[in-house]
Structures are given as C-alpha cells and as structure tokens.
1. Pick out the one residue from Ala157, Ala127, Ala117, Ala161 that is within 15 Å of Ile210 (Cα to Cα), at pLDDT below 95, among the hydrophobic types (A, V, I, L, M, F, W, C) and not in a strand (DSSP E or B).
2. Mind listing just one residue for me: the one in segment 1-21 that is closer than 13 Å to Met58 by Cα and either of a type in the set (A, V, I, L, M) or at pLDDT 90 or above (or both) and, of those, surrounded by the most Cβ atoms within 10 Å (Cβ to Cβ)?
3. Could we say that Ala241 is modelled with pLDDT under 95 and closer than 30 Å to Lys105 by Cβ here?
4. Provide a single number: the residues in segment 164-178 that are assigned to a strand (DSSP E or B) and either farther than 20 Å from Val317 by Cβ or free of Cβ contacts under 8 Å to residues at least 24 places away in the same chain (or both).
5. Tell me which residues, restricted to segment 296-312, are surrounded by 13 or more Cβ atoms within 10 Å (Cβ to Cβ) and either of a type in the set (Val, Ile, Thr) or within 27 Å of the chain's Cα centre (by Cα) (or both).
6. Quick check on this structure: which one of Leu54, Leu65, Leu70, Leu74 is under 18 Å from Glu15 (Cα atoms), touching a residue at least 24 places away in the same chain (Cβ under 8 Å) and out of contact with any His (no Cβ under 9 Å at 6 or more places or on another chain)?
7. Find the residue count for segment 140-161, including only residues that are under 13 Å from the mean Cα position of the chain (by Cα) and surrounded by fewer than 23 Cβ atoms within 10 Å (Cβ to Cβ).
8. Go through (1) farther than 23 Å from Phe203 by Cα; (2) surrounded by 13 or more Cβ atoms within 10 Å (Cβ to Cβ); (3) out of contact with any Pro (no Cβ under 9 Å at 6 or more places or on another chain) for Glu69 and report which single condition fails.
Amino acid sequence: MLEDKILNYFKKHEEGYVSGEELSRELGISRAAVWKHIENLREEGYDIEAFPHLGYKMISIPDRLTEVELKWQLKTDIIARKIYSYKETASTNDTAYNLAIHGEKEGSVVIAESQTAGRGRMGRKWASPKSKGAYFSIILRPDILPKEVSSITLFSALSVAKTIREMTDLPAFIKWPNDVLVNNQKICGILTEMNAETDKINFVIIGIGININTRKDLLPKGATSILEEHGGAEISRIDVAKNIFKNLDKYYKLFKGGFIGEIIKEYKEFSNFLGTRVQVAHHDTKIEGYAIDVDRDGALILRMDSGLNERVLAGDVLMLR
C-alpha cells in the first residue's frame, strides 16, 4: 500500500519535514495523489501537519496495531517477520489456522483490533473490546512430537509475564499452564492449537489475548488489565505487542536450540502456584494435591495425600491455600 510506504518514509525522516514533491518523486505519483493519501492517513488517526515552504511533518501516530507500526525497528529473527493486521476478525486463531493450512511461513502473526468470536481454552469466550487490548495469533512449525507442544504454551506465558514486568512495575505471575495474573486476576489468556499427525506436528497456532487499556466494566468477572492495575494510566499497545514478539522470539530460539531446561527454570520463577495446595479440574475429573514442580514436558507434578506424585498434563488449576 502507498500509505504504508508514506508512513515508512515519514519514520525515516521523523526529525524533519518531508515535501510533497519529495514524496511524489519517491513514490512515482502526483502531488495531488500524495495529498489524497495524506488525507487518508489523517482519517486513520495520524496527526500530519503541512507547513508552508517546508512540507509535511508527522506529529503523532495512533495506537493502532498495524504492520507498519509493529514492524518498525522490530529486531526479531522468526516472530513477526510477516504481520496480517485486521480492524476486526472473528478469531485470530481461525484466521492464522487457515493461513497455515495454505502454507504460510513460520513466525507470521495475525493481529486484530477486535474479535467477534474470540475464544480461550475449553471453548470459553474471550472478551475482545475494540482497540483496548492486543489479540493476536502466531504460526509456528517446530520439528517436535505432538507431546512436546505444551512447552510452547509455557514459554508463551513466560513471554507475556516478562513483558508486563519489564514495561511496568506490576507483579505478573503465571498460573499453570498459561494464565498470566496480576494480583490474582487474569490479565492474559493463551490458546494453543495444532495440526498434527501421530509422530509429527505440521504447525502450531499460539493465540494470545492481553488486556492492556481495557476498563473494568468491559472485562468479565475475575479479569483485569494493565490500565486498571497501573493507576488508570494508558500504555502503548504497540510497544506491548512488540515486546511480546521480542520475548517470544528469544524463547522460541532457545526452545529450538534444545535449551528447554533454561526456559522451565525461568517459568517456575514466574509461577505463583508452586508450593501451594491446588485442585486440578479436567473435564469431569478433579484431583487435589501440592504443586511441587513443572517438568521438561510442561506437566504439573502434584504430591498427593498418599505421598505419591501425580503427573498432570492438562486442566484448570484452583489454588486452595
């Protein structure tokens, strides 16, 4: 898109002015066409002023999760090499899944300002208020067995929790396997889906929904946002998403390099459930015990009242005390 090219040109000259003649020459279009595209960008929320004899200057950008804004100076090797940005989609996971089925490359991201049918684990609905959070899905094609995919869920949660801590003073923790909490309220959910055969994964979709500038009245019971926990101060959604991409890129490269032990060690440092008595519910089954560890496959290790250890691969954790 020509407007994307104009934005990138402004970004490269953000300290100065860009003349209409310069843009016309760079893009190979008339100055009247340049003006038309500038007007389109203004309608999208970009504050671009025109100064006589000097040209155009970008004053401010809207906090919109577009490919141009998200990729600007983003230094990742795998994650977000390609970004598909939507104002609205039913589900970023579904869109990413369809892209992956048709051969979309590893690391590609589908991101939307809102979802009409966002979902979490076990088919639960995920609230996706427009332009308040970050709702995105990432395509990965790891050379692993299906049983190893839970490790991807773990480092995805770690990437989000670490980003929140790095960008704010909020005490973000992980509740196994992949809920990110602040003050015991859910701030992010992660849904991992895969397309696999018996001994091979074709692709994995990591869906991440994080509540950023979302007011309490737009959130379900038990949920919170960075805005609510950070004294009502808004934070750049662009910066949050970009930093999650950077952390995901770092941990995925560690994962592919065989350093899962390092990831699990850091994951446990961000966990708030180890050493507590928990109940794990999975379908119609509930078991209780003390959460004592997370193993290399991402399984939760429970010390049962019998003294034996139980290895749990999936379920909802309720901390009892």
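1. Within the list Ala157, Ala127, Ala117, Ala161, the selection yields Ala127.
2. The selected residue is Ile6.
3. Numbers: modelled with pLDDT under 95: no; closer than 30 Å to Lys105 by Cβ: yes.
Taking the combined requirement at face value, the residue does not satisfy it.
4. 0
5. Taking segment 296-312 as the starting set, the residues that turn out to be surrounded by 13 or more Cβ atoms within 10 Å (Cβ to Cβ) are 297-303, 309-310, 312.
The answer is Asp297, Gly298, Ala299, Leu300, Ile301, Val312.
6. Leu54
7. Looking only at that region, the number is 1.
8. Single failed check for Glu69: (3).
The values are calculated or read from the model by the stated rules, or taken from the named source; none is laboratory data. What you see is a predicted model; the values in this text were computed from it and never measured. Cβ: placed from backbone, ideal geometry, glycine included. Neighbour counts: every protein chain shown.
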